[in-house]
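Right, one structure below, let's go through it.
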Amino acid sequence: MVTLASEFINAGTDTTSTALQWVMANLVKYPHIQERLLDEIKQVVVDGVEDIKEEDLQKMPHLKAVILEGLRRHPPAHFVVPHCVTEDTILGGYLIPKNSNINFMVADMGWDPKVWEDPMAFKPERFIGEEVFDITGSREIKMMPFGVGRRICPGLGLALLHLEYFVANLIWKFEWKAMDGDEISLEEKQEFTIVMKTPLMAHITPRKC
Ligand code: HEM
């Protein structure tokens, strides 16, 4: 039980908090995206409401798009846990021998210009469309911040819920602005996850909702 609990805590805390920091950094760097998100929240939540509830999040497609764009542009894990090939496999003309250890270039998949237009730009609108984006990659794999297949992150649903809940409430309650003269650097640093080299510093002001 202790090992299980520790695995969930280790795998679930740094990843989610890193993703949250990257999303908030982009909302500070690009105030028009923060405004767009606030507009959506205001259409769902009435003035004076203290907390945005879980059921409200389902009515916010732009919020989901912001989170997905954050995970595409800044996946907290640039690789998955190493996997092992169970039988000789030919992939793209290359033989991957049985028992080889393999991994996946998670970040590079999300930044592939053949798949994503202007991939290094933060554009949540790319996820707004007729279809809900399939983050599990069961139909096609365009990015895989949680891995895919049978070892996909079991905390995926919880992580998305936490990210949506925190981002929505942080934007609903506060206006986030860059500090004077601060450019918000998106440079990365490898720790347990890929974190912001210069951690986010921002001026936050309570909104008069
Ligand atoms: C934004 C947040 C998160 C991201 C980006 C993330 C990403 C990942 C990735 C890439 C893997 C490896 C998948 C593979 O090997 O193919 C993984 C595995 C795992 N994650 Fe997450 N994760 C997140 C949040 C969470 C949360 C909240 C929990 C639990 C509460 C969790 C628990 C786990 C566990 C236990 C594994 C190992 C699964 C296995 O080996 O079968 N993760 N995660």
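The values are calculated or read from the model by the stated rules, or taken from the named source; none is laboratory data. Quick caveat: nothing in here was measured; it's all calculated off a predicted structure. All Cβ positions, glycine included, derive from the backbone under ideal geometry; neighbour counts span all protein chains shown.
Results, tabulated for the structure shown:
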| read-out | value |
| --- | --- |
| Residues located in the range 7-55, provided they are in a helix (DSSP H, G or I), charged (D, E, K, R) and more than 16 Å from the ligand (Cβ to nearest atom) | K29, E35, R36, D39, E40, K42, E55 |
| Filtered residues of the range 105-119 (kept if out of contact with any strand residue (DSSP E or B) (no Cβ under 8 Å at 6 or more places or on another chain) and closer than 22 Å to H83 by Cβ) | M105, V106, D108, M109, G110, W111, D112, V115 |
| Filtered residues of the range 154-180 (kept if out of contact with any Cys (no Cβ under 9 Å at 6 or more places or on another chain), within 30 Å of D134 (Cα to Cα) and either small (G, A, S) or modelled with pLDDT under 95 (or both)) | G155, G157, A168 |
| Top-ranked residue in the range 56-110 [being part of a loop (DSSP other than H, G, I, E, B) and of a type in the set (K, R); ranked as nearest to the ligand (Cβ to nearest atom)] | K98 |
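For every residue, the table says whether it meets (1) closer than 20 Å to A77 by Cβ; (2) away from the ligand (no atom under 16 Å from the Cβ).
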site: E164; (1), (2): yes, no
site: D180; (1), (2): no, yes
site: S185; (1), (2): no, yes
site: P199; (1), (2): yes, yes
site: A202; (1), (2): no, yes
site: P206; (1), (2): no, yes
